[in-house]
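A.B. asks: Okay, handing you the structure first.
What follows draws every value from the coordinates through simple rules; no lab data is involved. What you see is a predicted model; the values in this text were computed from it and never measured. A quick note on method: Cβ atoms are made from the backbone with ideal geometry, for glycine too, and the neighbour counts reach across all protein chains shown.
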Amino acid sequence: MLVEPKFYKASYRQNDIWQVEIDKKLGLFDIKNKQFILEPKFDDMYNFYNKFIGVYFQGKEGLFDINNRRFVLEPKFEISSCGGTSKVGLNGKYGIINDKAEFIVPIKYDYISSCFSNDLSFVSIKNKMGYINKNAELVIPAKFETVTPFKYGFAQVKLDRNKKFGLINTKGDLILPFEFDSIYYIEPLAKFSVEFSEMREANKDISASKE
């Protein structure tokens, strides 16, 4: 037997590396070389896009490269994943990494959405919201109080928190004025409250009706 039975639980990861549990803490053990590559001190572990091991340590997260046996992100971040990208937070600022744990948006924003929708993600700069692309370019200026992710090429926005919603396209053009109490989508159409209008954008029908 290669390893003495001292683990409470053990589950196979890859390449002779096992995830083990001792005293309710998790680590990674090289069964071939009979040594820890991560000491059992972590609160939880998970697969990060099948490329890295995500770890929780004292309320923070990191990413461990099991093949090269090193952290690509030390366990000091907040990480929230969505659709191949992940929001990463540190000391109240946020950026985005891809599934290779490479930063595509630096950690500098007050807030950032985890997902890109229509290739855009919303960000907060000095309490105003705007949108960036995957090249970290601010393509729609941060001038809104309230925003939503893009859907069908459109996003709901407010200039003032207590005012009405308007609708913009991915270029930032105002498609519907700031006159709506609420906006909701009914596939494949978008239905808007308050006032009736009709238009087409990118070969999509959009209708609005009074409630």
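A.B. asks: For the residue pair residue 103 and residue 174, what label-to-label distance in nm results when each label sits 7 Å from Cα along the Cα-to-beta-carbon direction?
C.D. replies: 3.6 nm
A.B. asks: Taking the Cα centre of each part, how many Å lie between the range 45-108 and the range 140-169?
C.D. replies: So the two Cα centres are separated by 29 Å.
A.B. asks: Taking 21 Å as the cut-off for C-alpha to C-alpha distance, list the pairs among 60/108; 60/134; 87/163 that go past it.
C.D. replies: Among 60/108; 60/134; 87/163, the Cα-Cα distance tops 21 Å for 60/134; 87/163.
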